[in-house]
1. Partner chain Cβ atoms within 10 Å, averaged over the residues of C:220-226 - can you pull that number for me?
2. Using a 1.4 angstrom probe on the protein heavy atoms only, could you order A:F17, C:F391, C:F78 from most to least accessible area?
3. Which angle from 0 to 90°, rounded to the nearest 10, does the C-alpha axis of helix A:161-173 make with the longest principal axis of chain A?
4. Give A:K94/B:K224; A:K176/A:K307; B:K56/C:K291 a once-over and call out the pairs whose C-alpha atoms are over 29 Å from each other.
5. What number, rounded to the nearest 500 deg cm²/dmol, is the helix-based mean residue ellipticity at 222 nm of the protein assembly as shown, given -39500 (n - 2.57) per DSSP H run of at least four residues and division by all its residues?
6. Across the residues of B:137-145, average count of Cβ atoms on other protein chains within 10 Å?
7. Calculate how many DSSP beta bridges within the protein assembly as shown are antiparallel, expressed in % of all such bridges and rounded to the nearest 5.
8. Looking at chain A only, what percent of DSSP beta bridges run antiparallel? Nearest 5 please.
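The values are calculated or read from the model by the stated rules, or taken from the named source; none is laboratory data. Owing to the predicted nature of the structure, the values given are computational and were not obtained by experimental measurement. Glycine gets a Cβ as well: all are built from the backbone with ideal geometry, and neighbour counts include every protein chain shown. SASA here: full protein model, heavy atoms, side chains in, ligands and nucleic acids out. Shrake-Rupley method; radii C 1.70, N 1.55, O 1.52, S 1.80 Å.
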Amino acid sequence: MRETDTLIKVEDLRVSFFTPAGEVKAVDGISYALGYNEVMGVVGESGSGKSVEAYSIIGLLQNPGRVIGGSITFEGEDLLAYTPEQMRQFRGNKVSMIFQNPMTCLNPVYTIGDQLMEALTCHDKSISRQDARARAIEMLELVGINNADKRMDQYPHEFSGGMRQRAMIAMALICKPKLLIADEPTTALDVTIQAQILELMKSLQKQENTSIIFITHNLGVVAEICDRVSVMYAGKIVEQGNVNDIFYQPLHPYTRGLLASMPRLDEDAHERLIPIEGTPIDLLNPPKGCNFAPRCKDCRKICLREKPPYADFGDGHISACWLHFMEAMNKGVGAE
Amino acid sequence: MASYILKRILAAIGTLLIIMAITFFLMNAIPGNPFLSEKASPQAIELAFKKYGLDKPLIVQFRNYVSNYLHGDLGVSLKMQEGTDVAKILFQQGKFDLSIKLGISALVLAVLIGIPLGCIAAYRRGTWLDGLLRVMTTVGVAIPTFVLATLLLAVLAVQLRWLDPKSGSLTDFRSFIMPVISLSSYYICYVAKLTRTSMLDAINQDYIRTARAKGVKTRVLVLKHALRNSLIPVITYLGPVTAGIITGSFVVESTFQIPGLGKYFVQSVLNRDYPVIMATTVVLSALVIVMNLVVDIAYRLVDPRITLTNREG
Amino acid sequence: MKERFAKISPFQVDPKEIEQAFGLNSGDFEAASETEKESVVEKRKSVSYWRDAWRRFRANTVSMIALFVFILCLLFAFVGPSLVPYGYGDQYRSSQKLSPFELSKDEAKVEALSGHCDAFYATALQPGSLTAIKKGDYFIRFGGKTYAFTASKAIEKSVIVLDVKAEEPLMLVKMSDIQDDGTWKKSTPIEHTDTPAEGAAEIKLISRVFPHVFGTDSAGRDLMARTMYGAQVSIIIGISAAIIVLLIGSVYGAISGLAGGAVDFVMMRIVELIYSIPEVLIVLLLQVVLKDPLQAWFDAHKTGIGGMLGDLGAGIVSIFITFALLYWVTMARIVRGQVLQLRKQEYVTAAVALGATSGRIIKRHLLPNAVGSLVITTCLQIPSAIFLESFLSFLGLGVSAPMASLGSLCSDALETITLFPHRLFYPAIMLTVIVLTLNLIGDGLRDALDPRLKK
């Protein structure tokens, strides 16, 4: 990917939470680059640091969380050097975010319209009320809400879950941001509604040319919408690649485990689902070696001693596992 | 809305009837009677009993109370101002006025000072200002009204002689200062604490994160998004406050020698002046009930999720 | 990390380089055993709810200080009276209206003795009647020796002086014979033996006059003793009332929440009714109504429960009754809310589906979950009971003299506020500190026990 095509570049980002019990390395050195008009999925179980990583991009990290290293570059600008006011103007304008639970993410005491228009007016003081309202109605129609004019004056509790998530999407896109971060946007919804929302996001992405970072623990959703996928485990990206590579040639044992534990409708229905055993590691006391080693079925002695480096399989497909090096050594140099 | 209010008023009348019954039972259970004194002969007492209908069976007496009240007749005082209309004593001699003036001033102060203080503390949480306010409010809710009242009296009136120790009829601003401060300080502090807590609670809500992600300014975040949500528990608290302020006013009135309702009630109990006891209880209960209704309506204005008809008890 | 990422691609790099970079050897790629795998996982100790809560409470400096201060208050109130030689109700006629640490004329005279003898006992400083020691047998133990004697009327307005080195170790000195410098003009020896007669009473000698640290009131009662006793009464009232409220409120709330339907509806209407009564009016009426009948009942039942309650006095017992009648509603609402919330939880549904009895569900599921908010509410109920009692005492309806509570002490002090402001100071500070520390402890408990804050 050429530099000019890069919308956002994250390099060796480290985020820690300083709790009374000690430092929790929620994000421990992750790097990726995302191009314009690209959709990247970030997959991982809860606590893997995927949301924390997103929050640090948009500057929503709250005490006791702090970025302690690395860089985030957005269109060539260093986001970590922004002042709070610059960050505020950046949020919602260039990058916006939608969240997991649409039931609690809208302020219950203000109308949907009021909250939509606020997203506009806090970045554009000069816009008139009528224009803001017209734009908000337009956005509501765009996300498929009927009677938008009437709906504008209703309160969140008068909306269904799916409707609220649509309103959230409208609110996130109202300033035409270049990047949308979607933090588990469909997790709290019914399955049928999930599909509708995904469909909507897909079509809006095409229409508005927005890049998306799509955070989820659901691989099925990833397959649906993403171009590239980062698989996160315990604060690190363990495997990254485009969606086909990840699904059809998964390399990291964790990714394989995830795929094996996912029900697939397209394959043999009798195939058993295999869960990944064990529980995620305690980030307060991370192991010395590979974070996944204690749960890995194919764990080697080195895995318990050293953190694995990334192996590059070309076309942006990388994976951090000692097994790759073992294979390479067994095969000898230049096995290609 | 109208039907809801009507329903509430009917319920209020029911409540008042029960309160009347309780009061009637209790005041008749007080040993002795209003006419008992060293001078009074048994004949004189009997005569007085006949005159005021106290010789009738209790159930008849109670029925008379209820029917008189329905006609707006609160009866006449038996002892303290014998023969005077109770309504006249309460409303025309300024007793009710004084208590209401005092109570409303304290309530207004609690809201106007308490809520902003709570907001400031929440907005500046973790700073020295927050710390200072927390210490002040925590100490404030631990000082009993009468202690504060006497302290003010001892310092401002007795030692420094800035103010008159007897506030009397609260005719000018200066006479208001000590009673209102002593009455409201607990509620100012409590409201401030409550606002701070619910504000911090609100600030941690998901919708605040959404607003932050939109790029809303911190000031707007606190004053618009968090404040209105955090007012809900504060408003809930204002109902009981009214009852509490009546309690406080008893002490304040006796400390500053204000001839208000509270002091009169205590005297009427000690004197067994039945109609006065009954009327004061009913008037004050009605006040509390009305206040609770006002709070419920205010609730509706702040929180659109609550429809008055199906608010959970 | 970035550099490693760029360099090491297994298909382009010589494995030798990797070997060198990480110091690998062939054994490193042997499969790791389960035990090896487990050894790297540091298991965090699972902590019980209470231990975890206690850890969080301990981490809260303010609450810990409050707890410490409250324990000091408890010691002051419950241990203090045994360290002070004055009783809360004893009137010392010669010691009226003293300022803090001030000694009355008699006391100053007796105090002067302290340099001139080993120990003494002044009947003149004893409460009530001047003949504190009636005629009879007494003994004194001092320095391993026993002095037994028979007191006569002459002991009135005198001091028993013990001076081991003197010719006559035990003697009687008249108050009027004591001079300002602590010497005495003349003394009468007391005849004494080493073995006390049967039934003789012990007299404790003192070597100094115990100061009236807080001064005395107009009736000559020691204010520190009264403040200690008042604090004791206030704390007992607060805790008992909180327990009454806890019992009635939680039972009522639990029944209402568990029964649901029409029962719940009626029970909650009753709660609402009590909510809209201005309690204070009813409390005042109740106090007046209950006082005489209660007193009469106590007089008739001097033993058993009647005697116990009688010791507390009608004022306090009627406060308990008031709490039992009116103040449980908040607790009932909280418990009902908890029950309703918990009833909806899946694990309770599961337990019901498995056929658990109601009693078991209450014991195993509802109680452990509701206990946090019960503890907090009860803890915060104590100061409110103390407040109510002091309020009633202030209006002259609480405890009656010679008993004292912090409220009645404040109220008494008010009458003389212009002359003796210190009399208000001590009980008011005590009251404020007790309420303040209890509030802070309650806040700390809320932070420590509220599972919502558990991360």
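1. Details: counts 0, 0, 0, 0, 0, 0, 0.
So the per-residue partner count for this stretch is 0.
2. Values: A:F17 45, C:F391 20, C:F78 90 Å².
Order by accessible area, largest first: C:F78, A:F17, C:F391.
3. Once rounded, one gets 90 degrees.
4. Details: A:K94/B:K224 24 Å; A:K176/A:K307 41 Å; B:K56/C:K291 26 Å.
Violating the 29 Å Cα-Cα cut-off are A:K176/A:K307.
5. On the way: 40 runs with 565 residues, N = 1104.
Roughly -16500 deg cm²/dmol at 222 nm, from the helical runs in the protein assembly as shown.
6. Values: counts 0, 6, 5, 1, 5, 12, 6, 14, 4.
For this peptide, the per-residue mean of nearby foreign Cβ atoms is 6.
7. Numbers: 56 of 77 bridges.
Taking every DSSP beta bridge within the protein assembly as shown, about 75 percent pair in antiparallel fashion.
8. 65
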